[in-house]
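The block underneath contains the structure these notes are about, expressed in structure tokens.
The values are calculated or read from the model by the stated rules, or taken from the named source; none is laboratory data. Owing to the predicted nature of the structure, the values given are computational and were not obtained by experimental measurement. Here the Cβ is made from the backbone with ideal geometry for all residues, glycine too, and neighbour counts use every protein chain on show.
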Amino acid sequence: MQNLSILLCFGMMFLFTCTHHETNETDCTSTILKQYKMVPFTGQTNYCESLVLYEYQDQPYFVYDCCVCDLIPNPVDCDNQSYCLTNGEYDENKCQLFFEKSRRIGVVGVLE
């Protein structure tokens, strides 16, 4: 009976931890989409400007993409802070490492 109680306790902790993480990521995505004046991507529309979600070190990052723009990729976190800037300068090595080590989740938003 004691083993069942311990198992149930760990199961509940896991359940609440996962739900909290997913809720924070959803809130983060919604906030970033509003800042970029975008709507969630449903897969039902063609797009040129989008936000792509990446995961790096268990944190979400977003990269603005534009099919007709010449842009340097600039991942931002949930606070819209650039990952690739070091002391206000674009750090190419740091950014390259990000894209080598991160996991691309996919398009999460498109321009309204």
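The table below lists the values:
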read-out	value
Residue in segment 57-78 that is at pLDDT 95 or above, surrounded by 14 or more Cβ atoms within 10 Å (Cβ to Cβ), in contact with a helix residue (DSSP H, G or I) (Cβ under 9 Å, 6 or more places away or on another chain) and of a type in the set (Ser, Thr, Tyr) present	yes
Of residues in segment 85-107 being charged (D, E, K, R) and not in a strand (DSSP E or B), the one surrounded by the most Cβ atoms within 10 Å (Cβ to Cβ)	Asp91
Hits in segment 36-50 (condition: under 14 Å from the mean Cα position of the chain (by Cα) and over 17 Å from Cys67 (Cβ atoms))	Pro40
Pairs, first in contact (Cβ under 8 Å) with a residue 12 or more places away in the chain and over 12 Å from Val107 (Cβ atoms) in segment 47-74, second assigned to a strand (DSSP E or B) and of a type in the set (Lys, Arg), C-beta under 8 Å, six or more apart	Glu55/Arg103; Tyr56/Arg103
